[in-house]
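**Q** Before I ask anything, here is the structure I am working with.
Readers should treat all values here as calculations from the given coordinates under stated rules, not as data from a laboratory. On a predicted model such as this, the values are computed, not experimentally measured, just so you know. In this analysis, Cβ positions are derived from the backbone assuming ideal geometry, glycine residues included, and neighbour counts consider all displayed protein chains.
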């Protein structure tokens, strides 16, 4: 019998990738976007594994697991995040997650982590780091090889996810610009976090570099680099 997994992820592109990849394990996957919906889903049905985003619109992954454990639920849980801070990883492990995955990651790496969490094997997950130099202006809009690697070589999946990503990008770009203009550091960090993982899943190389640069230094120059990269991504085939 296939294991049943609850995926908790608010970003549409990341949710589509993770749901498709987990389903191919094979597994039965239910997907929700908020902490509240996750609590309700666990109360309605039994799951073999929880796959939870560390940052949610109405809370965080650590809070979700504490809530579930307090209610008596002991389902194994794996966290996923686009952030690379060791403090966040340590906090998630302390909350009870059996593993913390850094997005984006390839389908094969996700499968290995899920099998390990389900008691089926061993895995090793390495952080993905963008080592591109300078301001990223020389980077291409799309990295097809990275996208195909993340999506197990399925070109049709790459095309479908990129279509979803393009549809969501104008709104995501505007949210970043608004947060920067108003000096809302929390909103800016949340908007950039959502974009970072989805850029990796679809191979949006230059935009991913610009997102990382803006997260590190929220200066007007970095913001302009982000806006330019978003426009290039939207206009490139």
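**Q** Is the shape of segment 7-57 best called rounded, prolate or oblate, per the rule: a/c under 1.5 gives rounded, else a/b larger than b/c gives prolate, else oblate, with a ≥ b ≥ c the square roots of the Cα gyration tensor eigenvalues?
**A** It is oblate, given that a/c is not under 1.5 and a/b is not larger than b/c.
**Q** Scaled to the compact-protein estimate 2.2 N^0.38 Å, what is the alpha-carbon radius of gyration of segment 4-117, rounded to two decimal places?
**A** Ratio of Cα Rg to 2.2 N^0.38 Å: 0.94.
**Q** With r as the distance between the Cβ atoms of residue 187 and residue 66 and R0 = 22 Å, compute the FRET efficiency 1/(1 + (r/R0)^6) and round to 0.05.
**A** My answer for the efficiency is 0.35.
**Q** So, one more: With no solvent and one equal point scatterer placed on each C-alpha of the chain, evaluate the Debye formula and give log10 I(q)/I(0) for q = 0.08, 0.10, 0.16 Å⁻¹, two decimals.
**A** Log-scaled intensity ratios, in q order: -0.29, -0.45, -1.14.
**Q** Order by neighbour count: 167, 53, fewest other Cβ atoms within 10 Å first, most last.
**A** Going from least to most buried by this count: 167, 53.
**Q** For the chain, what does the helix formula give at 222 nm: sum of -39500 (n - 2.57) over DSSP H segments with n ≥ 4, over the residue count, nearest 500 deg cm²/dmol?
**A** -18000 deg cm²/dmol
**Q** Arrange 116, 174 by Cβ neighbour counts within 10 Å, fewest through most, would you?
**A** Fewest-to-most Cβ neighbours within 10 Å comes out as 174, 116.
**Q** At q = 0.19, 0.24 Å⁻¹, what is the log10 ratio I(q)/I(0) for segment 144-235, with the Debye formula run over Cα points and no solvent?
**A** -0.80, -1.17
**Q** Which residue fluctuates the most in the chain, going by a Gaussian network model with Cα springs under 10 Å, if the choices are 34, 67, 13?
**A** 67
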